[in-house]
Amino acid sequence: MPDGVTLGSTGIFNGTPTTAGTFGPYVFEATDSKGLTAKSQSMSILIHPAALRVTTGGLPNGIVGSAYSATLVASGGTPPYTWGETSGGALPPGLANVTSAGLILGTPTTTGTYGPYVFTVTDSTGATAASVGMVITINGVVSTSCTPQGNEQALPAGTPYAFLLRGTDGSGNPIDIAGSFTPNGSGGITNATVDYNGFTSGPEQMQVDLASSLYSFGANTFGCLHLVFSGPVTGAASTRGSQAALQVRKASALKAGKDGLSTEAASTVTSASFLFTLGQQDSTGIYHAGRIMESDAATLAGTIAAGSIHLQLPSSFAVSALQPNFVIGMDGWSASASSALPNRTSFAGSIANSNGVLSAGYADLNVGGTASGELTGGTGQLGGSVDPNTGRGTGTYTIPTSTGTLAFDFVYYVLNGSALYVITADAPSGPGSQPLLAGGALVSSPSYAAGALSGFYLLASDGFDPTANSGKGGNFVQIGTANATSAGTIGTSLYTNDAGTYGTEQYTTGSYTVEAASGRVSSTGLGTTPPVFYLTANSPDDEEFMGFLVGTSPMAESGVLVNQSTGTANFVPSSISGNYVAGTGEDVDGAGGTYLGAYTFTGTGGYVAISQIIGSVPQFPHLGSYTVNTDGSGGFDAGALSLVTNGTEIFAIPTSGDPLLFFYLSDTLPLTN
C-alpha cells in the first residue's frame with residue numbers, strides 16, 4: 001500500500017498518503033461469509049503530489065553587525081525546489097540575494113524595515129508557487145555596556161528606581177537580587193544599594209562605590225546599570241540562620257564547564273551590570289516601569305537573573321507612609337532534607353499593617369508540591385526606619401503551619417506607599433534555614449465582598465516540574481483568561497507548556513468564593529489542583545495586578561491575576577498597538593537564559609522588535625506577526641507562542657521547547673503613583 005494508506009476488512013481504503021508515485025500492481029481478494037473467495041484484476045494506485053506551496057510565513061529580524069540567516073521552506077510539488085525573488089527590490093544592505101536553495105545570508109549594515117518581498121519556488125516539473133509579502137527588519141545594536149547613549153537625561157536627577165531579579169548564580173544555585181539606584185541625569189549614580197541572597201553565599205547587602213558606578217539610557221528605551229561594590233555593609237546579613245554554602249544546584253542547572261554538585265566557596269561580588277528597558281512615561285516624561293536582567297555573563301556560565309524595575313517615590317520612604325493592608329506574593333526555593341535538590345516554593349497572603357506592626361496574617365504556602373491550605377495567625381514587624389535615599393527597610397514575619405512555624409527576616413524596597421519589592425534575608429542553607437523567597441506587596445482592602453471578582457481577567461504563572469527531563473526538572477508556565485461574575489461563577493481558558501509539552505484546557509462551570517477578611521479566593525470546577533488567589537485593593541498599579549496566585553499543584557506555581565475588562569471582552573488586532581517593553585520572568589529550571597525586548601505593534605497583525613538575549617532563549621517572538629481573538633487570546637509568529645492580553649499588557653508562552661514566561665507592558669497604562 002502507499003505510505004499512510006491501509007485497506008480495511010470492509011474493502012475501504014483509509015489514511016492520508018505521504019508519498020507521491022505509482023504503487024502496485026495489487027491483486028485484492030474478497031471472502032464472503034461462507035468462505036468463498038474472488039480475486040480482482042491487477043490494479044495500481046496513483047498518488048499525485050500535494051499542491052506546491054510556500055510554508056514560510058515571515059522572515060526573522062536582524063541586527064546590524066550580526067550574521068543573518070534565514071531559510072525559505074516549501075512543501076508539495078516534486079522536489080528539488082529552486083527559489084528566486086519575484087518582487088520587493090534589493091534585500092537589506094549587507095544581505096545577498098536569495099540563493100536557489102532558498103537561503104538568505106549576510107551581515108546587515110543598515111537599520112530599517114525592508115520589503116515586502118515576494119519569493120517564488122519552482123519544483124522539478126516547472127510548477128511554481130509564490131510566498132506572501134514578507135518584510136525584514138534590521139535593528140540597531142543594543143548596547144550591553146554602560147557607555148553613554150546620549151539620552152541619559154531621560155532619567156532625571158533625583159528619580160530613584162528599585163529592581164528585583166530572580167535566577168541562578170555562576171554555581172547554578174538559586175539567587176535573588178533587589179536594589180535601588182538614583183541617576184544624576186547625566187550617567188552618574190548619586191545613591192544606590194543592592195541586596196543579594198542565595199544558596200551559595202547567603203544574604204549580603206552591598207555597599208556601592210558611587211564614584212565608580214554609572215548608567216546609560218538610549219532613545220530605544222534600553223539602558224545599562226553598572227554598579228561597583230566596595231564590600232558588604234557591616235552587620236547587614238541576617239543572623240537567624242547559618243550562612244554556610246549549601247551544596248546543591250537548581251535541578252537542571254548543571255552549567256557548562258561544571259559537573260557534580262556545587263563545591264565552590266562563597267565569594268564576594270565586586271561589581272554587577274544590568275540591562276533594562278523602560279516604558280510608561282507619565283505626563284511629565286518620567287518613566288515608571290519596565291523589565292531588567294543581569295548582563296554580566298554572555299553565556300550560562302555566569303549569573304542569569306531577570307525581573308522588573310520600577311520608579312520609586314521618595315516621599316513614601318517612611319514606615320508611616322505605608323498602607324494599612326497589604327497582599328503579598330513571593331516565590332523561590334527551600335532546602336530539602338531528603339534530596340540534594342531544593343524544593344520550588346510559592347507563598348501568597350495578606351496582612352494588616354499598623355505603623356510597622358504586622359498582624360492578622362493569612363497565607364497559603366506550597367513547598368515542593370505540598371500545599372499547606374489556608375494558614376492564619378501571621379504576625380511581624382517592620383524595622384523602625386526606611387532609608388531616605390534608597391527606600392530600603394527590613395522586617396520579620398512569622399506564621400504557624402501544620403509542620404512548624406514559618407519565620408523569616410526580609411528586606412523591602414518601597415516603590416510607593418502602596419507597593420513594595422520584598423526579598424528574604426535569611427541564609428537558605430544550613431541548620432534552621434528558611435526559604436529563599438522574593439516578590440512583592442501591594443495594597444489590599446480591609447474586607448472583601450462575596451462577589452469581589454466580576455468581569456474578565458488574565459492570569460499568568462510559572463513553576464517547576466520536578467519529574468521532567470528524567471528527574472532533572474523543567475519549567476512549567478501557564479497563561480489564561482477568566483470570566484467571573486458577582487454571583488460566584490468563573491470560567492477559564494488555560495494555555496500551558498510543561499517542560500516542552502504544550503496543551504490547552506477549558507473550564508466553563510467553575511465557581512469561586514472570597515473570604516471577607518483576607519481576600520483569599522478559592523475555587524471549584526477548575527481542575528483537580530486549582531490555584532488560590534489573594535486580591536489587591538482593586539486599584540491597579542502600573543502593571544494592573546489584581547491579585548497574587550499561589551498554586552496547589554506539584555509544580556508549586558506562583559503568579560498574578562490581572563484585570564482584563566469590566567465589560568464584554570471584544571478584542572481585535574488593533575487592541576495591541578504602539579510601543580511595548582518586554583522581558584522574561586525567572587528561568588526557573590536554570591537551563592536557559594533571559595530576554596529583553598522593545599516592540600512596536602502596527603495594530604494590524606505585525607510588529608518590529610529590538611531584542612537582547614543572555615544565555616539561550618530559542619523560542620521568542622521575532623518573525624513579525626501576531627493574532628488576537630475576541631477573548632484576548634492569540635499568538636505570535638503563526639502560533640509559535642500563545643498570548644493573552646488586555647491591550648495594555650501581554651503574557652506569552654512558547655508552544656514548544658523548554659519555556660519561559662514573557663511579560664509585555666505598553667506605554668499607555670494608567671499611572672497611579
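Please treat every number below as a calculation from the coordinates, not as lab data. In this text, all values refer to a predicted model and were calculated from it rather than measured experimentally. Positions of Cβ are generated from backbone atoms using ideal geometry, with glycine treated the same way; all protein chains shown enter the neighbour counts.
Loop-located chymotrypsin sites (Phe, Trp or Tyr not before Pro) in the range 1-85 (DSSP state other than H, G, I, E, B) with a sparse environment of at most 14 neighbouring Cβ atoms within 10 Å: 28. Counting each DSSP H run of 4 or more residues in the chain as -39500 (n - 2.57), what helix-only mean residue ellipticity at 222 nm follows after dividing by all residues, to the nearest 500 deg cm²/dmol? Helix-only estimate at 222 nm: 0 deg cm²/dmol.
Oblate is the label for the range 383-487, because a/c, from the alpha-carbon gyration tensor with a ≥ b ≥ c as root eigenvalues, is 1.5 or above and a/b does not exceed b/c.
A full extension of the chain between residue 357 and residue 511 corresponds to an added length of 51.9 nm, given 0.36 nm per residue minus the alpha carbon distance.
The length gained by stretching the chain between residue 212 and residue 96 to full extension, at 0.36 nm per residue less their Cα-Cα distance, is 37.3 nm. Sites listed here are chymotrypsin sites (Phe, Trp or Tyr not before Pro) in the range 531-605 whose DSSP assignment is loop and whose Cβ has at most 14 other Cβ atoms within 10 Å, and the list is empty. Sort the range 5-47 into rounded, prolate or oblate with this rule: let a ≥ b ≥ c be the square roots of the eigenvalues of the Cα gyration tensor; rounded if a/c is under 1.5, and if a/c is not under 1.5, prolate when a/b is larger than b/c, oblate otherwise. Oblate, since a/c reaches 1.5 and b/c is not below a/b.
Over every Cα atom in the chain, the radius of gyration and the widest Cα-Cα span, Dmax, amount to 27.8, 100 Å. Over all distinct Cα-Cα pairs of the range 1-142, the Kirkwood formula returns a hydrodynamic radius of 18.6 Å.
Couplings for the range 483-489, taken from phi via the Karplus curve 6.51 cos²θ - 1.76 cosθ + 1.60 with θ = phi - 60°, read 10, 10, 10, 5, 7, x, 9 Hz in order; Gly and Pro are left as x. According to the square roots a ≥ b ≥ c of the eigenvalues of the Cα gyration tensor, what is the shape class of the range 319-435, taking rounded for a/c under 1.5, prolate for a/b larger than b/c otherwise, and oblate for the remainder? Cα axes put the range 319-435 in the prolate bin.
The slack in the chain from residue 504 to residue 111, taken as 0.36 nm per residue of separation less the alpha-carbon distance, amounts to 137.6 nm. Converting phi to 3J(HN,Hα) with the Karplus coefficients 6.51, -1.76 and 1.60 and the offset θ = phi - 60°, the range 646-663 yields 10, x, 9, 10, 9, 10, 9, 9, x, 9, 8, x, 5, x, 10, 9, 9, 10 Hz in sequence order, with x at every glycine or proline.
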